[in-house]
Amino acid sequence: MWSIEVAGECAATPAQVYSILAEPQRWSEWNPGVLRIEMHGSFQSGTTAVMVLPDSTTLPFRFAWVEADRGFEDVTELPDAGAVVRVRHELSPTERGTRITYRCEIDGPEQVTEELGAAITSDFADVISALGARAELLGE
């Protein structure tokens with residue numbers, strides 16, 4: 001299994017950050033790696049969705065865990081690559097506001113997981129920063 005964890009902090013509360021995450025249809029407003037999200041239900045565990053990337057690639061996924069003000073985890077199966085990608089987006093209160101942690105785990109052949117992992121997580125720091133900045137606007 002391949003894994004990495006990337007974290008950042010913002011001055012917004014976990015509830016403010018979560019309110020941004022809880023609207024997947026609007027992720028493209030702050031995450032340039034997402035063209036759109038097509039939801040097949042509400043933002044809760046078990047719901048499936050499709051992420052459409054800027055190059056029109058589609059990635060079906062499901063929400064495996066969703067907890068208000070704490071975060072969520074999504075799971076994407078990539079059968080052609082023989083891999084399963086799990087990304088956990090976790091919110092923790094801090095003295096300053098919120099620690100936002102993205103943890104990516106990929107199960108599959110080692111050569112595939114390393115390449116996928118690098119591609120999937122290359123923008124995590126920027127995405128976390130943009131998410132935090134957007135949530136901070138809610139607090140103003």
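Just so you know, all these numbers are worked out from the coordinates, no wet-lab data involved. Nothing here was measured: the structure is a model prediction, and the numbers come from that model. Positions of Cβ are backbone-derived with ideal geometry, glycine not excepted, and every protein chain shown enters the neighbour counts.
Remarks
- Ranked by how many other Cβ atoms sit within 10 Å of their own Cβ, fewest first, the residues Met1, Met39, Met51 fall in the order Met1, Met39, Met51.
- Take 98-107, 80-89 and order them by the average number of nearby Cβ atoms within 10 Å per residue, most first; the result is 98-107, 80-89.
- Radius ratio Rg over Rh of the stretch 1-48, counting only Cα atoms, Kirkwood formula for Rh: 1.01
- Projecting label points 7 angstrom from Cα along Cα→Cβ for Thr48 and Met1 puts them 2.4 nm apart.
- Between His40 and Glu115, the contour length at 0.36 nm per residue exceeds the alpha carbon distance by 24.1 nm.
- Dipole magnitude of the stretch 9-140 about its Cα centre (Cβ charges: Lys, Arg +1; Asp, Glu -1), debye to nearest 20: 360
- Between Ser92 and Ala22, the simple spin-label model (points 7 angstrom out along Cα→Cβ) gives 2.3 nm.
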